[in-house]
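The structure appears right after this line, and notes come after that.
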Amino acid sequence: MPKKNNFENALKRLEEIIQRLEGGELSLDESLKLFEEGIELSRLCTKKLSEAESKVEKLIKSGEKEFKTEPLEAEKKEEEEE
């Protein structure tokens, strides 16, 4: 799993996993382990995309001339954990 849980790192690792799985040279155990990691990364990417979409929607809805962002609940949690 990527060191930083950001979208770009997760997507890059997911692409690597897909290439290895498509290569067909892995054992069943290795394939399952990579598949599980890929599922986790896919969920992370989906979560990050949903958060970005929510942020864009908030920007659009904040007004015609005024643009403001509001931290998402997930962002607040991450900041508190750091």
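The values are calculated or read from the model by the stated rules, or taken from the named source; none is laboratory data. Remember, predicted model here, so these are calculated numbers, not experimental data. Cβ: placed from backbone, ideal geometry, glycine included. Neighbour counts: every protein chain shown.
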Which ones in the stretch 41-58 are surrounded by fewer than 14 Cβ atoms within 10 Å (Cβ to Cβ) and either at pLDDT 90 or above or among the hydrophobic types (A, V, I, L, M, F, W, C) (or both)? Arg43, Thr46, Leu49, Ser50, Ala52, Val56
Among (1) without any contact (Cβ under 8 Å) to a residue 40 or more places away in the chain; (2) within 16 Å of the chain's Cα centre (by Cα); (3) part of a helix (DSSP H, G or I), where does Glu57 come up short? (2)
Breaking point among (1) outside any helix (DSSP H, G or I); (2) modelled with pLDDT of 90 or more; (3) surrounded by 10 or more Cβ atoms within 10 Å (Cβ to Cβ); (4) of a type outside the set (A, V, I, L, M, F, W, C), for Glu25: (3)
